[in-house]
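These notes concern the structure reproduced below.
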Amino acid sequence: DGPEVAALEDGVARRAAREPLQHVLGYAWFAGARLTVGPGVFVPRPETELLVERAGEILASRGEGRVQVELVDLCTGSGAVVLGVAAAVERRRQAGERLPELVLRAVEIDHRAAEYAERNIESTGMTVDLRVSDARVEFADREGQVDLVVSNPPYVPDGAVPDDPEVADHDPERALYGGSPDGLAVPLQLARHAATLLRPGGWLLMEHDDTQGESLPRLLGELGYVDVVDHRDLAGRPRFVEGRWPGR
């Protein structure tokens with residue numbers, strides 16, 4: 001068939017030019033869900049699924065005796081993390097765990113990326129309070145009310161251009177670079193803001209660069225977080241940190 005062959009040839013040519021496969025296909029699989037992605041939004045990575053699973057565990061543990069638990073996703077991009085966590089909690093519910101209602105909120109500063117998030121939220125049928133705003137200041141109306149803040153923020157050290165053209169040439173720079181030589185300027189701004197949102201005893205989970213596995217946990221401790229633990233991905237690289245805001 002002419003059109004099908006032409007589409008296939010176009011896709012092969014785009015992939016040969018090192019355009020991400022997910023852009024060619026128009027979607028990415030993440031945490032068992034098919035998410036719409038394309039130019040202008042960060043493509044979710046499999047290693048982030050470990051953060052998602054840990055978030056599900058924390059929300060389940062926070063839910064005892066509660067009617068609702070509240071999750072905020074800072075720098076949501078395509079919506080992958082907030083939707084992945086919601087799906088992880090739903091799997092636990094279907095397995096028989098008695099869990100409270102999950103209130104979902106997310107923020108993305110880039111209008112183009114937020115359009116992908118909106119599309120993915122609509123396709124799942126989930127209810128998410130999605131805001132197009134700066135994650136470093138948004139949700140002041142939720143101060144002290146949030147059980148878990150999750151974030152896959154920009155964290156690549158400035159000047160450390162990724163090797164793969166699929167990343168360097170196609171993921172938005174705004175979603176990659178952390179705003180300082182160590183890549184930690186934006187993550188630390190987000191961690192400070194998360195501390196204002198969290199309930200006493202609430203948790204922050206944040207992905208980071210594999211060069212930040214010692215520095216970011218130490219800095220979270222200096223900000224006042226306790227029970228700080230860094231987690232490695234399946235390749236053994238430092239991948240995300242968790243910390244609890246003091247309190248019950």
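Where a number appears in this text, it was derived from the coordinates with a stated rule and is not lab data. Please read all numbers here as calculations on a predicted model, not as lab measurements. Virtual Cβ from ideal backbone geometry, glycine too; neighbours counted across all protein chains shown.
Calculate how steeply helix 49-62 sits against the longest principal axis of the alpha-carbon atoms of the chain, using the helix alpha-carbon long axis, and give the answer as 0 to 90 degrees to the nearest 10.
30 degrees
Report the charge-dipole magnitude of the range 39-244 in Debye, nearest 20, computed about the Cα centre from +1 at each Lys and Arg Cβ and -1 at each Asp and Glu Cβ. Intermediate values should be presented prior to the final figure.
Working: 22 positive and 38 negative charges, 160 e Å.
That gives the range 39-244 a dipole magnitude of about 760 debye.
Enter the per residue convex hull volume of the range 75-189, computed from alpha-carbon coordinates, in Å³ rounded to the nearest integer.
Hull volume normalised by residue count: 127 Å³.
Of all GluC sites (Glu not before Pro) in the range 167-248, which ones are in loop regions per DSSP and have a Cβ with at most 16 other Cβ atoms within 10 Å?
E214
Sum -39500 (n - 2.57) across every DSSP H segment of at least 4 residues in the chain, then divide by the residue count to get the 222 nm mean residue ellipticity, nearest 500.
Value at 222 nm, helices only, nearest 500: -11000 deg cm²/dmol.
Take the Cα coordinates of the range 39-244, assign each an equal point scatterer, and use the Debye formula without solvent to give log10 I(q)/I(0) at q = 0.07, 0.08, 0.14 Å⁻¹.
At q = 0.07, 0.08, 0.14 Å⁻¹ the computed log10 ratios are -0.18, -0.24, -0.78.
Quick one: Cα centre-to-centre distance for the range 217-232 and the range 171-195, in angstrom?
16 Å
I'd like the GluC sites (Glu not before Pro) in the range 78-114 restricted to DSSP loop residues with at most 12 other Cβ atoms within 10 Å, sorted by number.
When the GluC sites (Glu not before Pro) of the range 78-114 are filtered for loop state and at most 12 Cβ neighbours within 10 Å, E97 remain.
Angle, helix 111-124 long axis vs. longest principal axis of the chain, Cα atoms, 0 to 90°, nearest 10?
80 degrees
Between the range 88-102 and the range 55-85, what's the alpha-carbon centroid distance in Å?
Centre-to-centre distance over Cα atoms comes out at 11 Å.
With a cut-off of at most 12 other beta carbons within 10 Å, and DSSP calling the residue loop, which trypsin sites (Lys or Arg not before Pro) in the range 75-143 qualify? Please list them. Each step should come with its number before you reach the end.
Working: sites: R91, R92, R93, R98, R105, R112, R119, R131, R136, R142; in loops: R98, R136.
Listed in order of number, the matching sites are R98.
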